[in-house]
1. Determine which residues of the range 75-115 fall in the zone a paramagnetic label at GLU56 would reach in this model, i.e. backbone nitrogen under 20 Å from the point 7 Å along Cα→Cβ.
2. What's the extension gain from GLU267 to GLN233 if we count 0.36 nm per residue and subtract their Cα-Cα distance?
3. What list do you get for ARG276, ARG305 if you sort them by fewest beta carbons within 10 Å?
4. Using amide H atoms built 1.01 Å from N in the peptide plane, name the residues 5+ places from TRP235, or on other chains, whose amide H lies under 5 Å from its own.
5. I need the calculated FRET efficiency for the pair ALA139 and ALA29, taking r as the beta carbon distance and R₀ as 45 Å, to the nearest 0.05.
6. Test of the criteria: in the range 1-59, which trypsin sites (Lys or Arg not before Pro) are in a DSSP loop and have at most 14 other Cβ atoms within 10 angstrom of their Cβ?
7. Using only Cα atoms, find the angle between the long axis of helix 101-114 and the longest principal axis of the chain, and express it within 0 to 90 degrees, rounded to the nearest 10.
8. Based on DSSP H runs of at least 4 residues, each adding -39500 (n - 2.57), what is the mean residue ellipticity at 222 nm of the chain after dividing by all its residues, to the nearest 500 deg cm²/dmol?
Amino acid sequence: MPANTTSPIRLGIVGVGKIVRDQHLPALAKNPDYRLVATASRNATVDGVQSFTSIEEMLDAVKELDAVSLCQPPQVRYQAARQALEAGKHVFLEKPPGATVSEVEDLKVLAANKGVSLFASWHSRYAPAVEAARAFLAANPPNSVTITWKEDVRRWHPGQEWIWRAGGFGVFDPGINALSIATHIIPTAFFVTSATLDFPENRDAPVAAEISFSASNGMPLTMDLDWLQTGPQTWDIVAETAAGRMVLSSGGARLAIDGKTLHEEPEAEYPRLYERFAEVVRTGVSDVDIAPLQHVADAFMLGKRRVVEPFFD
Ligand code: NAP
């Protein structure tokens, strides 16, 4: 195991789908800290990499694996994570880290008992302007925050049936990205106070949601999620502060104060995620923040449900 060494981390990927092809493989190809040695996917392979159809077979056949990245839908992540941790592998969890809060808590305990690293990746936290927004709000606490996350599900998740099933998160699949940023940049804790979730009559996960939160200091925060927005897409967090209106837009890529751009860079979330995972593995720690997942769970727990017109891909 290469923890505390500089030899490449021998990695296996589980669940070769859209995000693996779009982001994981390009990020890994450029990072000498990793060697992709195996994949486990029922229907897909990666050219030049030995492939298996299940994580059991992969763990059994490739004993030298140091770590695995679990990129399947959240409903099946826990079982795979448990198997990998039991086998003594470091684990990278795609977001959301699980289908429930308690299963992620269980994985944290297991990783600690096994002496391996668990990483709950929140890719949006690695968007280029997020740290600048965090520094701004640390110096200028917000008086109110508005999150607007509106995108076109047909464009970003074409034909993904799992996302509409129970445990697939529906519009909270992108919405949890906003929460991963908000929980990182807002200096006070905040809590769901009310929510309305819109469920298409033929689906088990919501297509839209409106959530109100209150911070421990009374600061109001609202979140508006919509998955049917065509045309320009909106991924904005706006904070009113004594020093002006902060707008973190494009999913965390651009920061402006009172209309003046402070920070804007090309997106490099997955290269940064894998840098962080290598750091976590090599320093022998875990990095598992469940706050974004807890807020989603709380919205489901407290939210009123409305049945809306059916959704067809
Ligand atoms: P995807 O295209 O559906 O790929 C997931 C893969 O997991 C599937 O191709 C499938 O490959 C495998 N899988 C294993 N068990 C499955 C099951 N029960 N149902 C369906 N697929 C199963 O999904 P994705 O977009 O890559 O998303 C995967 C994870 O990454 C999700 O948690 C998502 O939130 C996260 N993520 C996605 C994006 C994005 O933009 N798409 C961005 C960031 C994070 P086999 O059939 O070969 O086993």
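Every read-out reported here was derived from the displayed coordinates using simple, explicitly stated rules and does not represent laboratory data. Quantities reported herein were computed from a predicted structural model and do not represent experimental measurements. Backbone-built Cβ (ideal geometry, glycine too); neighbour counts: all protein chains shown.
1. Flagged as within label range: 75-89.
2. Extending this stretch completely gives an extra 10.6 nm.
3. Neighbour counts put them in this order, fewest first: ARG305, ARG276.
4. Residues meeting the amide H criterion: LYS150, SER250, GLY251.
5. Efficiency computed from Cβ-Cβ geometry: 0.70.
6. Answer in residue order: LYS30, ARG42.
7. The angle comes out at about 40 degrees.
8. That calculation yields -8500 deg cm²/dmol at 222 nm.
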